[in-house]
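Read through the structure below, which is laid out as structure tokens, and then see the notes.
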Amino acid sequence: MNSNGASSSATDGVRDSNPPKRNSKRPKYSKFTQQELPACKPILTPAIVITTFALIGIIFIPIGLASLSASERVVEIVDRYDLDCIPEQLRNDQLAFIQSSQTNKTCTRSVIVPRYMKSPVFIYYELDNFYQNHRRYVKSRSDKQLRSKASEQDTSTCAPESISSDGSPIVPCGLIAWSLFNDTYSFSFNNEVLMVNKKNIAWGSDKSHKFGRDVYPKNFQSGQLIGGATLNASIPLSEQEDLIVWMRTAALPTFRKLYGRIEEDLQPNQKITVVIENNYNTYSFGGKKKLVLSTTSWIGGKNDFLGVAYLTVGGLCLFLALVFILLYLFKPRTMGDPSYLSWNRNAAGYAD
Amino acid sequence: MASGRPLLIPSPKTPTSPYSQTGSDPPPHPDPPPIPLPSSSSSRRSKLPSKSQNSSGGTFSFPTELRASKRSSSSSSRQPTTAQRFPSRRSDSMTGSQRDIPDSEARFVYVNDPDRSNQPTRLPTNSIRTTKYSILTFLPRNLFEQFHRLAYIYFLVLAAMNQVPQLGVFGRETSILPLAFVLGVTAIKDGYEDFRRHRSDQTENHRSASVLSDRDFVPTRWKDIRVGQVIKVHTNDPIPCDMVLLSTSDPTGVAYIQTVNLDGESNLKTRYAKQETLKHGGVPTSGLIRCEKPNRNIYGFHANMDIDGKRVSLGPSNIVLRGCELKNTNWAIGVAVYTGRETKVMLNSSGAPSKRSRLEAHMNRETILLAVLLFLVCSIVTILGGIWLHVHRDELNDTPFYRKQDFSDREVGKYNYYGIGWEVVFTFLKSVIVFQVMIPIALYVSMELVRLGQAFFMIQDDSMRDAATHKRFQCRALNINEDLGQIKYVFSDKTGTLTENKMEFRCASVRGTDYSRTGDEDDDNGYSTIAVDEQEWKPKMRVKVDEELVQLLRSGEKTEKRERARDFVLGLAACNTIVPLVVDTEDPRVRLIDYQGESPDEQALAYAAAAYGFVLLERTSGHIVIDVLGHRQRFDVLGLHEFDSDRKRMSVIVGCPDKTVKLFVKGADSSMFGVIDKSRNLEIVRATESHLYSYSSIGLRTLVVGMRELSSSEFVEWQSAYEKANTALFGRAGLLRAVAANIETNLQLLGASGIEDKLQAGVPEAIESLRQAGIKVWVLTGDKQETAISIGYSCKLLTSDMTQIIINSHSKESCRKSLLDAIAMTTKFSASNAARNGPGDVGSSKAPLALIIDGTSLVYILETELEEEIFKVATACDVVLCCRVAPLQKAGIVALIKNRTSDMTLAIGDGANDVSMIQMADVGIGISGQEGRQAVMASDFAMGQFRFLVPLLLVHGHWNYQRMAYMILYNFYRNAVFVFCLFWYVLYTAFSLTTAVTEWSSVLYSVIYTALPTIVVGILDKDLSRKTLMKHPQLYGAGQREERYNLKMFILTMMDTIWQSAAIFFIPFLAYRHSTVDISGIGDLWTLAVVILVNLHLGMDIFRWNWVTHASIWGCIVATAICVIIIDCIPVLPGYWAIFEMMKEGLFWFCLLGIIFVALIPRFVVKAFTEYFFPSDIQVAREMEKYGSLNAATATQEVQMSSYSNSHQRIP
């Protein structure tokens, strides 16, 4: 916006209309109290409007292209397994299958690498229709308890998973921890195991400050209803990275969580065998489970939306710039022409 | 003249006050002037005893007054107008019943016996307490007052609901915080104000006064003074309580007081001690005063006193009131009759009436719309939530994120689930809590702060500062600033408002001869100096004199002509209530005679008389001393009939040195010609009448002087009646009036005077500006029609091309007829105007109409079925001039417009007679001029001169309206954007009302994140510079047409809101759909996005970016970022460190950038398009301001612009 500060401050003064009569009672003239502070008065002139639109277009289109190409470079393998990992004969009663401790839940899948995947290859599980952001769910946790042993009793916010049947607190308490995801994946290629690195999948800040080093799981999954994974009671919470990842409740009902990393490049057309322990019950509420292998780029994962959005907005702005140019050409108007004032316009119309 | 004198102020609590009967009616007559003590005693007002309707004064209300004039035979209101005009003497009755004060209604004050005076009931001591609260009552009472605002109750209910476990959406603290903040800020403000009042009370209470105790006056603190004590006050001392004068240093018992703190009038007033009490060598120590119970009428007092076995009556002239100061009197001794909170000044202390601005009224309409929207949003969530629960009812038993059941115990219990019906109800209530900020709570506080800021700048404005008196503009009402930008009608008083109210004697007509050829400017006439003890005394003001008259007066031969001329000038000098004060000057040999009086006309006449050689030198209660052409003469003042606006004349009976008794009467011509003996000297009467006509047609105020010599029998008869009336306890005023009416007959016409009341500087220009701005200026004056018309011409209200419709009728029928004629005329005119100009531009119509109507006609019109007709005529006319109107008629005329249109009205006046109109109008403005401060006390704004109305309305009014309108819309927008963001998210949380934004951020959003910029913009932003606004008054029309705030803009804003919130929500939603993002992270993104967006949105609409604006907008964005970061640095909150993890990724930044542009593009496009292709006047004027230099040549000649408007060129 162009500034006209200097001239406006000089011309706005009305003081010159009444000659200054210096006497003692008259206070010193102040630009502030007379509301005459120097100011910039932006006005949307054609030049500014066109420049603005053109500039937005010029900036947005390259960004859009860049993010599209970044997203394009990301290689992503998505494999939905929740249905396929139930034996044919049990498909009619998925709940019975998943809730029974007798059934064999191991399931073998194979995925083909479409393109070269540079390490690290991130392993995610994706849940769908799982409202980790449901109010009842989100609130059912105790951050104080997670953080220090001293607050172990602090389970008041954890209902309905706050205390075990003998009255001692559950650590970690609350629905979120209770429903910890417990499918496991192991990968192999040509019968050679692909190592999955599960270290440092959680945020460092969470590990060091949010989950206590001295807090050990207690009474966990000891109730009538088992929600998900159990925790090794000898490892402090700050080391339980799967739990830490899970406790970062997802924003949307479709979400991914980091499972681990394969620190090996994957070659195109490699056929990778995945052995899945399909333990987690999403069948009761119709949630989907997917395994995702993905590389990453500066924009994050594979997502074309941002690129498309930027290109659209950029294009639209260039179009608008063009439209305004044409409008200004075909229907020009003198800026600040007093004849446009309504009381002059009538007279002008009369004269025409 | 009626308008020239401060009238007595009607007191609202007269026995027959309409309030007590009709209750809700708007007061058609003025409240008594509130005294500027910062205390609200509205509650007190209602506690005042409302006595039975026993006085024949009858119905004391405006409508009745007018109706009563039609049927004057009505027995219940024998002289209703009379009684109504004299409300201050409220108990007076025309029936002349001389009732005593009933013992039950009297207060007994035993002089110098406070113990007995305080029996049987203890009267309050003299300590005052103007504070509203004590330490104990502060909290409950302040909260109670604050919760009168409906919105606060709404928020309180929500906060209370939030405490119910099932509904607990926010944490306990966070849910109360915003309300607590708002209440706290206001409470601190109120508390501070109250503390200041407390401190000033303390200093008042600890002042010292001399109280008689065992024959000695000992210093006593004010607060310990009790009723019955005898108090001595010295010169220049403030008076500690209301007391009856017993004696003064003056042998005749006169005391002069200044009442500037009481009613603002700075002239000296005389008060008398009764002769009976004077006899006691100054200090009477016994006596019983029976006075009325405390009341708030500062102009009335009724009592009698038993002293030495005699009963003496006491009146308003015998009492001095707290708040006054003793002047020019060495000492005065009085007995306290009313103390502390029962003093009249305290009973009168009430704040300015609180009004509500139109914008705020409209805002409430939109608030209701927002409430409907809120209800709608909540219903959507509730219905969808209900459906979701219903569809998933079988799955929810053990779904991890819902869990109907609690398995942790041996027995499976329910977990927070009460059946689908209850869940739906809870969902609805919870959604109301979550979306509560849809109704902007901070708006109320912001508006108060903004108005405070605007008021500050209005007060500071140099161009509304009276250079002569150093009076600044005053904002007395703080809540109608923005109404100043929407005024369509200005009702103006004439005297003192359009004119200076500095009277100057110009013309004299003596016995049919016109003496108006005044001398040149520079000659030395106009002073008559008198030598007194080798000193030179001269009048303070010089008056131009007519040589011929001077010669006639000084001529040696004793002719009839000379005698009558002398009588005329003597009448001018004697027939008044002027008190001459002799003031020292720097030159020890010269002393100035300063005439102090309540009426500027009288002052002018006294100075004129002095200039002609009749110098009034001394006035006591019993005599006056006049230097008649060099000879000091003493005239005994035998009786004085005070001026009242009903008789419109005053008279004085003087005993002349030559032992004759003369009655001098002076008054308005209309009343005088009725009592003048026309049988004699008919020619003189005719000649005088023609002179009067010519005087008033050049805008002079005229007075007629008459005289009669009283025979001794007449005098004796009069004297006995006068004495009787004067000592009457009740009905005194009426009796005196009757006595006056009896004696003021068969007068001999002496002459007439013409006094000029100069127009104030800048009045014609101001009126022209106002008319250009589309404001209709109506002048309501008590003056004669000719005077009013001539003033109308001189102030450019009337122009020669105007067609005048004059209505002065004396019956209802003739009124109806002339109104019908007028309507026919206006329709004819408007038709021809429309044909020529097209509709809608009144300002440029070729043949403007002016309506001139007098008060007599208005009596038949107002409050009758003819009102509709007068309304039609008046609104069709460009100018309306009402002359000879009574104060209450002024209010009636304002009400005529106010009740029939939605247009904003403004009344401006300076005198007590304008109080009713000032209070009736939407905006009341008082001129702090010559006539005291009653108008100022009743007004919303006060200023020094009429011409300040132009910057006030055109500049400040325009700015205030524009700012406030924008601020309200912006506040609605700002909160709605936030609520809609929350709403979109709720749709993706199984309608469980989870908020991604942390609860602290939702609380701080409207308080910290976005509050400051709107306040700064509301106070400081200016769409146009003062210069432009003053140059093009038509720009004011934006406010009149409500261009800045209307339903259409509200709906457009809400649509923009939905788009912007969708952009904020869906861009991150789509970008992060299949990612690992957590609630807190995306919540932080939304928080930052919405704050940056609304601040930039505001920035896009800012007209002037100065450093304050820059600081507040960028500062707020930075502050928000800091707050978000701080919140994310608390490890026990779930969102710990989320913002840092988010900022690591490019996606976050590109989302933020994308949101801002995508959200703002539609608004920007619309703005750019309309501003260029459909520019509003304001837009064009802004461009003119900026590119004025390019169009300098054309801008200076706008009128001619039309000719080459079709050949305009584009700016390269």
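Restricting attention to region B:471-520, and to residues there that are in a strand (DSSP E or B) and in contact with a Pro (Cβ under 8 Å, 6 or more places away or on another chain), which single residue is surrounded by the fewest Cβ atoms within 10 Å (Cβ to Cβ)?
By that ranking, first place goes to B:K502.
From the set of residues in region A:294-323 that are within 7 Å of chain B (Cβ to nearest Cβ) and outside any loop (DSSP other than H, G, I, E, B), which is modelled with the lowest pLDDT?
A:G300
Would you mind finding the one in A:P62, A:P20, A:P27, A:P38 that is part of a loop (DSSP other than H, G, I, E, B) and modelled with pLDDT of 85 or more?
Sole residue among the options that is part of a loop (DSSP other than H, G, I, E, B) and modelled with pLDDT of 85 or more: A:P38.
For region B:556-577, give me each residue that is under 21 Å from B:V637 (Cα atoms), among the β-branched types (V, I, T) and surrounded by fewer than 23 Cβ atoms within 10 Å (Cβ to Cβ).
B:T577
Look through region B:254-278, keep the residues that are outside any strand (DSSP E or B) and modelled with pLDDT of 70 or more, and return whichever of them is nearest to the chain's Cα centre (by Cα).
Going through the qualifying residues, I end up with B:T259.
In the set B:S88, B:S117, B:S93, B:S134, which member is under 30 Å from B:G334 (Cα atoms) and modelled with pLDDT of 80 or more?
B:S117
Suppose we keep only residues that are outside any helix (DSSP H, G or I) and in contact (Cβ under 8 Å) with a residue 12 or more places away in the chain within region B:1101-1124. Which one would you say is farthest from the other protein chains (Cβ to nearest Cβ)?
Only one residue fits best here, namely B:I1102.
Kindly provide the set of residues from region B:488-499 that are modelled with pLDDT of 90 or more and within 29 Å of B:R701 (Cβ to Cβ), ordered by number.
Of everything in region B:488-499, those that are modelled with pLDDT of 90 or more and within 29 Å of B:R701 (Cβ to Cβ) turn out to be B:Y489, B:V490, B:F491, B:S492.
Restrict the check to region A:74-89 and report whether at least one residue is of a type in the set (K, R) and either on the phi > 0 side of the Ramachandran plot or within 9 Å of another protein chain (Cβ to nearest Cβ) (or both).
no
Collect the residues in region B:1032-1053 that are farther than 18 Å from B:Y973 by Cβ and among the polar types (S, T, N, Q), keeping them in residue-number order.
B:Q1034, B:Q1040
In region B:1070-1091, what residues are within 14 Å of B:C981 (Cα to Cα) and more than 7 Å from every other protein chain (Cβ to nearest Cβ)?
B:G1083, B:D1084, B:L1085, B:W1086, B:T1087, B:L1088, B:A1089, B:V1090, B:V1091 - these are the residues of region B:1070-1091 that are within 14 Å of B:C981 (Cα to Cα) and more than 7 Å from every other protein chain (Cβ to nearest Cβ).
Quick one: would you say B:F435 is closer than 30 Å to B:T989 by Cα and touching a helix residue (DSSP H, G or I) at 6+ places or on another chain (Cβ under 6 Å)?
Considered against the rule, which asks whether it is closer than 30 Å to B:T989 by Cα and touching a helix residue (DSSP H, G or I) at 6+ places or on another chain (Cβ under 6 Å), B:F435 comes out as yes.
Does any residue of region A:201-219 turn out to be more than 26 Å from the chain's Cα centre (by Cα), more than 10 Å from chain B (Cβ to nearest Cβ) and either assigned to a helix (DSSP H, G or I) or hydrophobic (A, V, I, L, M, F, W, C) (or both)?
Checked region A:201-219: at least one residue is more than 26 Å from the chain's Cα centre (by Cα), more than 10 Å from chain B (Cβ to nearest Cβ) and either assigned to a helix (DSSP H, G or I) or hydrophobic (A, V, I, L, M, F, W, C) (or both).
Which one of these does B:C815 not meet: (1) within 28 Å of the chain's Cα centre (by Cα); (2) surrounded by 24 or more Cβ atoms within 10 Å (Cβ to Cβ)?
(1)
Do you know which of the residues in region B:1135-1178 that are crowded, with 21+ Cβ neighbours inside 10 Å and among the β-branched types (V, I, T) is nearest to the other protein chains (Cβ to nearest Cβ)?
Top of the filtered list is B:V1158.
Exactly one condition in (1) out of contact with any helix residue (DSSP H, G or I) (no Cβ under 7 Å at 6 or more places or on another chain); (2) closer than 19 Å to B:V372 by Cα is not met by B:K404; state its number.
Evaluating B:K404 over (1) out of contact with any helix residue (DSSP H, G or I) (no Cβ under 7 Å at 6 or more places or on another chain); (2) closer than 19 Å to B:V372 by Cα leaves (2) as the failure.
Any residue at all in region B:981-999 that's farther than 30 Å from B:I420 by Cα, part of a helix (DSSP H, G or I) and at pLDDT 90 or above?
Within region B:981-999, none of the residues are farther than 30 Å from B:I420 by Cα, part of a helix (DSSP H, G or I) and at pLDDT 90 or above.
The conditions are (1) within 23 Å of the chain's Cα centre (by Cα); (2) closer than 22 Å to A:R147 by Cβ; (3) not acidic (D, E), and A:R261 fails exactly one of them. Which is it?
(2)
Would you point out the residue of region A:154-199, among those that are among the polar types (S, T, N, Q) and facing chain B (nearest Cβ under 9 Å), that is farthest from the chain's Cα centre (by Cα)?
In this case the residue turns out to be A:S165.
Condition first: closer than 24 Å to B:L1029 by Cα, more than 9 Å from chain A (Cβ to nearest Cβ) and modelled with pLDDT under 90. Can you find one or more residues in region B:1179-1187 that meet it?
no
Within region B:296-306, track down each residue that is surrounded by 19 or more Cβ atoms within 10 Å (Cβ to Cβ) and modelled with pLDDT of 80 or more.
B:F301, B:H302, B:A303, B:N304, B:M305
Can you go through B:E423, B:E395 and tell me which one is outside any helix (DSSP H, G or I) and either under 30 Å from A:L180 (Cα atoms) or among the acidic types (D, E) (or both)?
B:E395
Taking the stated definitions as given, is A:N133 facing another protein chain (nearest Cβ under 9 Å), of a type outside the set (D, E, K, R) and under 21 Å from the mean Cα position of the chain (by Cα)?
Yes: the conditions hold for A:N133.
Kindly indicate whether B:I1127 is within 42 Å of the chain's Cα centre (by Cα) and either at the interface with chain A (Cβ under 9 Å from one of its Cβ atoms) or under 20 Å from B:T995 (Cα atoms) (or both).
Judged against the criteria, B:I1127 is not a match.
The values are calculated or read from the model by the stated rules, or taken from the named source; none is laboratory data. Since the model is a prediction, treat every value here as computed from it, not as a measurement. Every residue, glycine among them, receives a Cβ derived from its backbone with ideal geometry; neighbour counts consider all protein chains shown.
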